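S.K.: My questions all concern the structure below.
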Amino acid sequence: MSKIYSVWDFIRRHKYLVVVLFFAVMVGFVDENSFWERRQRIQEINALKAEMRGYQNQFERDTKALEALENSKEEVVRVAREKYLMKYPGEDIYVVMDTQEENAGDEETFQN
C-alpha cells in the first residue's frame, strides 16, 4: 500500500508536470492526428507530388512526340522503322545483336 501512496503523493505534488507529460504523449504519439502521423502523411504527400511531377514530364514528352507524329510524315516513317522494324518492299533489314551478351550466357553454363 505504501507504493500506491508514494505514487499518489508524487502525482499530487507534481500534478501540472504529470498533466503536461500526459498531454505531450497523447498529442505526440497516441492520437490519430499525432505529430508522428502528420510527419508520415507529409512524407507521403511529398512522394506523391514527386510522382505527379514525373507523370507531368512524361505527359509533356508524349504530347511533343504525338505532335511530331501528326505533323511530319518522316517522323511516322522513323518510328515505324525503328520501333516496329517495318521496311519498304524489296528492302532487307539486318538486326545486329551484341555477341558479348550471348557469350556471357554460354560461359555461365560451362562454369557450372
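Just so you know, all these numbers are worked out from the coordinates, no wet-lab data involved. Just so it is clear, the structure is predicted and the values come from calculations on it, not from any experiment. Every residue, glycine among them, receives a Cβ derived from its backbone with ideal geometry; neighbour counts consider all protein chains shown.
S.K.: Using only Cα atoms and rounding to the nearest 10 degrees, what angle (0 to 90) does helix 99-111 make with the longest principal axis of the chain?
M.R.: That works out to roughly 60 degrees.
S.K.: I need the fraction of alpha carbon pairs in region 36-96 separated by more than 13 Å, rounded to a whole percent. Walk me through the intermediate numbers first.
M.R.: Values: 1362 of 1830 pairs.
That fraction is 74 percent.
S.K.: Another one. Taking the Cα centre of the chain as the origin and placing charges on Cβ (Lys, Arg +1; Asp, Glu -1), which of 23, 72, 7 is farthest toward the positive end of the dipole?
M.R.: Of 23, 72, 7, it is 7.
S.K.: Given R₀ = 25 Å, FRET efficiency for residue 48-residue 27 by Cβ-Cβ distance, to 0.05?
M.R.: Working: r = 26 Å, r/R0 = 1.03.
That pair, residue 48 with residue 27, gives E of 0.45.
S.K.: Express in nm, to one decimal, how much length is gained between residue 41 and residue 65 on full extension, taking 0.36 nm for each residue of separation and deducting their alpha carbon distance. Before the final figure, lay out the partial values.
M.R.: Details: separation 24, 0.36 × 24 = 8.64 nm, distance 3.60 nm.
Full-extension gain reported as 5.0 nm.
S.K.: Quick check on the chain: what are the equivalent-ellipsoid semi-axes from the Cα gyration tensor, as sqrt(5λ), descending, whole Å?
M.R.: Taking √(5λ) for each eigenvalue gives 70, 28, 7 Å, largest first.
S.K.: Would you mind computing, in nm to one decimal, how far apart the modelled labels at residue 93 and residue 6 are, each placed 7 Å from Cα along Cα→Cβ?
M.R.: Spacing of the two 7 Å Cα→Cβ label points: 8.7 nm.
S.K.: Then there is this: Please turn the phi angles of region 42-49 into ³J(HN,Hα) values with the Karplus equation 6.51 cos²θ - 1.76 cosθ + 1.60 (θ = phi - 60°), one per residue in order, whole Hz, x for glycine and proline.
M.R.: Working through the residues one at a time gives 5, 5, 5, 5, 5, 5, 5, 5 Hz.
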